[in-house]
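Let me begin by presenting the structure, written as structure tokens, before commenting on it.
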Amino acid sequence: MRIVVISDTHGDIAGLYKVIDQQRKADVFIFLGDCERDIEDAQSVFPGKQFLKVAGNCDFGSESQTDGETVISGKRIFYTHGHIYHVKFGPSTIIGEARRRKADILLYGHTHVAYTTYEEGLYIMNPGSVGHPAEGRPTYGIVDITAAGIVMNIVEV
């Protein structure tokens, strides 16, 4: 099962479409907020794809939730933009929330800095930003869930 994780497009619809084109065989796309209308446009252009989304701090007037949970291939995934957990000051609060929710995988954005790690049974990913990376090139994340385990990678657009 391949999950593509996208965050912080900030109006770069061309970059978003490039990600989807690069990952046509992906099973699920999870959008972590900041320019929710970009993902809504993508849903209409790619109707056969499954998209999950949450609102970010720049999604003014959004009716979407700021947190989401799903179970994919038996793994509980907690996903959020991250601003309500103050991730720019460090990940401890959001990691605590993921553990409280008994998540196997934590996905968050907001910092525009790509990051992956594994800590005591919890896989953690920030895919960076498709639209405005804080450093380097635009990025997104891939989470592969297989019988052998979970593999996470950051990919340049």
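Read-outs throughout are calculated quantities, based only on the coordinates presented, and are distinct from any laboratory measurement. Computed from a predicted structure; not experimentally measured. Using ideal geometry, Cβ is built from the backbone for each residue, glycine included, and neighbour counts are taken over all protein chains shown.
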Just to be sure, is residue 48 assigned to a strand (DSSP E or B), small (Gly, Ala, Ser) and within 24 Å of residue 20 (Cα to Cα)? no
Yes/no for residue 76 being touching an Asp or Glu at 6+ places or on another chain (Cβ under 6 Å), surrounded by fewer than 22 Cβ atoms within 10 Å (Cβ to Cβ) and farther than 18 Å from residue 153 by Cβ: yes
Residue that is surrounded by the fewest Cβ atoms within 10 Å (Cβ to Cβ), among those in region 125-157 that are in contact with a helix residue (DSSP H, G or I) (Cβ under 8 Å, 6 or more places away or on another chain) and not in a strand (DSSP E or B): 157
Only one of 59, 34 is among the acidic types (Asp, Glu), in contact (Cβ under 8 Å) with a residue 60 or more places away in the chain and not in a helix (DSSP H, G or I), namely 34
From the set of residues in region 89-121 that are free of Cβ contacts under 8 Å to residues at least 12 places away in the same chain and part of a helix (DSSP H, G or I), which is farthest from residue 144 (Cα to Cα)? 89
